[in-house]
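Here's the structure we're looking at; comments come further down.
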Amino acid sequence: METVAQHQEILQYAEAYISDILMLKNIFLQTHNGKKVNQNFGLPFLLAKKENKTIAFASLVMNGKGLITFKIYNKMEMTDTEMEIFFAHAEVCFKKNNSPNFRNPEQLKSSISRMVSWLNLE
């Protein structure tokens, strides 16, 4: 009997930094088939990497009720299991962080607006 070994990539997580933003913008634009970011881009706070390549990010956004939540954007290179694990990890980070962007809706709205304006300067 032949045994097939499956190689599973391990995701790595990292905080999102300003130096990552243009790469995250590209992921967002690919997932939205757009040319400019909008308020849905949010404020990125967590990355998922596979083989040192960023494949997804979690971003703070405002929901329809004016509450702070997060959304995940990915390059569709994640399995359902990887997506579930990344979502759970992002949820823990989201709940633990008490900085103004995570807790003050007006602060987050302002930060998102500045980010979108900056990214659409081209």
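The values are calculated or read from the model by the stated rules, or taken from the named source; none is laboratory data. No experiment lies behind these values; they were computed from the predicted model shown. We place every Cβ from the backbone using ideal geometry, glycine too, and count neighbours over all the protein chains shown. These accessible areas exclude ligands, DNA and RNA; they are computed on the full protein's heavy atoms, side chains included. Shrake-Rupley method; radii C 1.70, N 1.55, O 1.52, S 1.80 Å.
Key figures
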item: Hits in the stretch 111-122 - residues which are under 10 Å from L43 (Cβ atoms) and either without any contact (Cβ under 8 Å) to a residue 40 or more places away in the chain or not in a helix (DSSP H, G or I) (or both); result: R114
item: Residue tally, condition exposed (fewer than 13 other Cβ atoms within 10 Å of the Cβ) and within 19 Å of M23 (Cα to Cα), over the stretch 52-111; result: 4
item: First in the stretch 29-41 and closer than 21 Å to T69 by Cβ, second anywhere and among the charged types (D, E, K, R) and open to solvent by less than 60 Å² (accessible area, probe 1.4 Å), Cβ under 8 Å, 6 or more apart; result: V37/K25; F41/K25
item: Residue tally, condition more than 11 Å from the chain's Cα centre (by Cα) and free of Cβ contacts under 8 Å to residues at least 40 places away in the same chain, over the stretch 55-75; result: 6
